[in-house]
Amino acid sequence: MRSDNLKFPVSGLTMPNRYWLAAMTNQQSHEDGTLSDDEFTWLKRRAEGGFGVVTTCAVHVTRHGQGWPGELGAWHDRHIPGLSRLAKAIKECGTLGLVQLFHGGARSPAKLTGVQPISAMDGSPPGEGGNGEEPRSAREDELLAIIEDFAAAAKRVQDAGWSGVELHGAHGYLLAQFLSPRYNLRKDGWGDDAEGRWRLLLSVLKAVKSATGPGFAVGVRISPRNYEGDGVRETLDALKLVERLIAEGVDFIHLSLWDSFRHDEDDPEKVPVLQKFSHVVSGKCPLVVAGGLRTAADRDRAFAMGADAIAIGRAAIAYADWPMLIEKDGGQWQPAPPPYPVAHLRGQGLGDAFIRYMQKWPGYVSDPLT
Ligand SMILES: Cc1cc2nc3c(=O)[nH]c(=O)nc-3n(C[C@H](O)[C@H](O)[C@H](O)COP(=O)(O)O)c2cc1C
């Protein structure tokens, strides 16, 4: 049972329990990035369901940084009314609402943005890190503008009444493209060494913190393995980055692992990645972990390995009330694994656009949308 609260050291905010709704792209926003009723319902239901933190999907900070169709934006004042409506509904449940801010970089397709994607380098990141279009290396003036875009977006989010933002440095999007020792080989101060590769994220963090001020949580999400082949070297680099982020006054570190208990394939000692991070982060700021957590046993194992809060993704899509159910009857509840029928997902507050998107995730939805 983990219904005890968790304090964020920098903002002073308190999360009412240890259950965190992971950021999830759901493709339900209007084409111009404004909030739809379906996106409102999906997230409000999770706040009502007992999540102590509810995070939005990845929200683009500039028009050209959009990664997916139907994605929420925070790059224009026109986005504020929808963001305010959602922030108020989440707050009324006693839940902390976070907006996840991002720029897609190499993963912002021209068919959405109308422009060639930019990234750390000319040419696509390894594996599936691009979108099939060759990005070009971003100029310094463009990077400085993007830092300002993050700050302006965060200010809009704060004005709209949210508790904080999560900077999306994970999953191979722009910030991760710059962080990567494998991909970012720039020689202009934005990639030469670790400090150079971290510069974009650290500059964004600083700009966001100074644009928003006290009482507003600013945390960072990272995934040490961004590209196929990443392993111990990237994890070590991420551990040093995390120390630096803590020194710069980050309010939480969110580790996205897909499998919360995994170790690096090239680690001869097979130490779980979560444990490595827990050694560095423990006691300094909350450590949140996401990846493959569905049952009470998963939850207990993640806490035993040093997580302070657990982020739930696919199990929370299927069960809006996951935190309440998991706390019931001493952890006896066994959530059904996927696939889930369309009628069940509709009953859990998903609109058809989100269900259609989930049909692309192998084995998640059991029947066609009619
Ligand atoms: C439909 C879907 C959309 C996602 N979109 C995002 C996103 O916008 N930002 C992000 O950081 N992670 C995103 N993720 C990753 C989740 O936040 C989470 O880390 C991942 O699903 C692993 O947790 P789980 O095993 O509990 O699903 C997404 C995952 C899913 C299933």
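Computed from the coordinates by the stated procedures, all read-outs in this text should not be read as laboratory data. In this text the structure is predicted, and so the values were computed from the model without any measurement. So basically every Cβ, Gly included, is an ideal-geometry build from the backbone, and we count neighbours across all protein chains shown.
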Any residue on another chain or 5+ positions along whose placed amide H is under 5 Å from the amide H of THR55 is listed here as LEU21, LEU98
Length gained, GLU195-ARG356, 0.36 nm per residue minus C-alpha separation, equals 53.8 nm
The lysines whose Cα lies under 23 Å from the Cα of LYS7, excluding any fewer than 8 residues away in the same chain, are LYS44, LYS88, LYS91, LYS155, LYS206, LYS209, LYS276, LYS284
The rounded separation in angstrom of the Cα centers of region 155-215 and region 19-95 is 20 Å
The answer for HIS103, listing residues at least 5 apart or on another chain whose modeled amide H is closer than 5 Å to its amide H, is LEU174, LEU175
Scalar couplings 3J(HN,Hα) for region 258-275 by Karplus 6.51 cos²θ - 1.76 cosθ + 1.60 (θ = phi - 60°), nearest whole Hz, x for Gly and Pro, are 6, 10, 4, 10, 6, 10, 5, 4, 9, 8, x, 8, 6, 7, x, 4, 4, 5
Output for region 62-139: GluC sites (Glu not before Pro) sitting in coil per DSSP, at most 16 other Cβ within 10 Å, listed by number, reads GLU128, GLU133
Once the mean of 1/r over all distinct C-alpha pairs in region 174-218 is inverted, the Kirkwood radius in Å reads 11.2 Å
Contact order relative to length for region 234-370, counting C-alpha pairs under 8 Å separated by 6 or more residues, stands in percent at 18 percent
With the convex hull built on the alpha-carbon atoms of region 129-217, volume per residue in Å³ sits at 107 Å³
Here the Kirkwood hydrodynamic radius of region 6-337, Cα-based and in Å, equals 19.7 Å
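Compute, for the chain, the length of the dipole vector about the Cα centre, with Cβ point charges of +1 (Lys, Arg) and -1 (Asp, Glu) only. Units Debye, rounded to 20. Kindly include the intermediate steps, with their values, before the conclusion.
Numbers: 41 positive and 46 negative charges, 128 e Å.
Dipole magnitude for the chain comes out near 620 debye.
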